[in-house]
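Report on the structure given below.
The values are calculated or read from the model by the stated rules, or taken from the named source; none is laboratory data. Computed from a predicted structure; not experimentally measured. Heads up, the Cβs are rebuilt from the backbone with ideal geometry, glycines too, and the neighbour counts pull from every protein chain shown. Heavy atoms of the whole protein, side chains included, go into the accessibility calculation; ligands, DNA and RNA do not. Shrake-Rupley method; radii C 1.70, N 1.55, O 1.52, S 1.80 Å.
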Amino acid sequence: MEDKYEKLEKVGEGTYGKVYKAKDKATGQLVALKKTRLEMDEEGVPPTALREISLLQMLSHSLYIVRLLSVEHVGHSNSALVDPNCDIKDQKKKKPSLYLVFEYLDTDLKKYIDSHRKGANPRPLPNSLVQSFLFQLCKGVAHCHSHGVLHRDLKPQNLLVDKEKGILKIADLGLGRAFTVPLKSYTHEIVTLWYRAPEVLLGTTHYSTAVDMWSVGCIFAEMARRQALFPGDSEFQQLLHIFRLLGTPSENLWPGVSSMRDWHVYPRWEPQNLARAVPSLDADGVDLLSKMLKYDPGDRISAKAAMDHSYFDSLDKSQF
Ligand code: AMP
């Protein structure tokens, strides 16, 4: 590894581990190095891991998904690049692991939104940029869904942004979370619930592509507001945030809701005017958002249908 890459600095911490910025010594290209949770045993790379990696590689051919450039094995004897602070004895004890090498992008959507909200020059994200980012997000999500892959944890931190080109790409796809998204990250930080669909919060066991579209709706609203739409700090509070704005769901609105595993009796709130929560969006934008935030997963708009919504009529789609 250290022959191939020059490690520069830590750029982030994801749910599963640290992400480093590095330089490919042969080409000078900037890359992001990510250690996977997939530890190899005596037999080598587990077949489930191989399947996930090849899926990731296949999906990453879309322009709207962060490109996986290579996969590197790091054994005991050459892990110095990855963890220069750990001494040789410690390295010998470590199992070999897999590193994913991704193209490097200069920022993520969370940092990008923060830079528009805080600091010396607070300003809204231009409407045309919100529209373009949302379209690219829908395009990336539609690509995953058409290959039968759910992301399950879409959030601004997982969307990387190339500021100069105005490109948005999906990162942190599916790897190692075949069944559930963990509640705590590897550093025991609470994993954010803000983008989690109500059916997931209510304990559904039937995940569908609609869980990602709920997250897309929350991200759309957050770009427009520069502030999260439903910032809950527990699963219960998360549901209350949603119910207060969209109204407490009823059997009428969402058949089957009251027999879901984690359903309780909640205060009965009436739906509020969604437009007031996103004052910078036009009527088409509010209509699209309302279709992404439908309670019944079967009623929620798909990524593909969202791309044809009239909110995007003024966008020059030929550039994508
Ligand atoms: P993730 O584990 O993908 O959620 O990554 C955690 C953080 O690392 C992200 O929020 C980004 O700030 C950063 N990051 C991840 N992948 C990249 C990349 N390809 N280029 C630049 N920064 C990245």
Q: Enumerate the calculated ³J(HN,Hα) couplings along region 46-54 in order (Karplus 6.51 cos²θ - 1.76 cosθ + 1.60, θ = phi - 60°), each rounded to whole Hz, writing x wherever the residue is Gly or Pro.
A: x, x, 5, 5, 4, 4, 5, 5, 5
(Q) Using a 1.4 Å probe on the protein heavy atoms only, what accessible surface does Asp316 show? Give it in Å² to the nearest 10. (A) 80
**Q.** Amide H contacts under 5 Å for Gly12, placed H, 5+ residues apart
**A.** Val19
(Q) Going through the cross-link list Lys34/Lys163; Lys35/Lys165; Lys35/Lys317; Lys110/Lys294; Lys118/Lys169, which pairs have a Cα-Cα distance over 32 Å in this structure? (A) Lys35/Lys317
Q) Restricting to the chain, what percent of DSSP beta bridges are antiparallel, rounded to 5? A) 95
Q) So how much accessible area does Ile167 have, in Å² to the nearest 10, using a 1.4 Å probe? A) 30
Q: Answer rounded, prolate or oblate for region 107-314, using the Cα gyration tensor with square roots of eigenvalues a ≥ b ≥ c: rounded when a/c is under 1.5, else prolate when a/b is larger than b/c, else oblate.
A: rounded
Q: Would you mind checking which residues have amide H under 5 Å from Ser70's amide H? H placed 1.01 Å from N; only 5 or more apart, or other chain.
A: Val101
Q) What trypsin sites (Lys or Arg not before Pro) in region 210-273 are in a loop by DSSP, with at most 12 other Cβ atoms within 10 Å of the Cβ? A) Arg261, Arg268
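Considering only protein heavy atoms, with the full assembly of protein chains and a 1.4 angstrom probe, order Glu6, Glu52, Glu164 by accessible area, largest first. Walk me through the numbers before you get to the answer.
Values: Glu6 85, Glu52 45, Glu164 180 Å².
From most exposed to least exposed: Glu164, Glu6, Glu52.
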Q. Once both labels are modelled 7 Å past Cα along the beta-carbon direction, what's the Glu270-Ile167 spacing in nm?
A. 4.9
Q. Each residue of region 295-312 in turn: what ³J(HN,Hα) in whole Hz from Karplus with 6.51, -1.76, 1.60 and θ = phi - 60°, glycine and Pro shown as x?
A. 5, 6, x, x, 8, 6, 5, 7, 5, 5, 5, 4, 5, 9, 5, 5, 4, 9
Q. Roughly how many whole Å is it from the C-alpha centroid of region 148-169 to that of region 237-252?
A. 27
Q. HN-Hα J couplings of region 228-241 from phi, Karplus 6.51/-1.76/1.60, θ = phi - 60°, integer Hz, Gly and Pro as x?
A. 5, 7, 10, x, x, 10, 8, 4, 5, 4, 4, 5, 5, 4
Q: At a Cα cut-off below 12 Å, give the aspartates and glutamates reachable from Lys25, other chains included and same-chain residues fewer than 8 away excluded.
A: Glu2, Asp3, Glu6
Q: Sum -39500 (n - 2.57) across every DSSP H segment of at least 4 residues in the chain, then divide by the residue count to get the 222 nm mean residue ellipticity, nearest 500.
A: -9000 deg cm²/dmol
Q: Quote the relative contact order of the chain in percent (integer), defining contacts as alpha-carbon pairs under 8 Å separated by 6+ residues.
A: 15
**Q.** Estimated distance in nm for a label pair at Glu9 and Gln57, the labels positioned 7 Å out from Cα along Cα-to-Cβ
**A.** 3.2
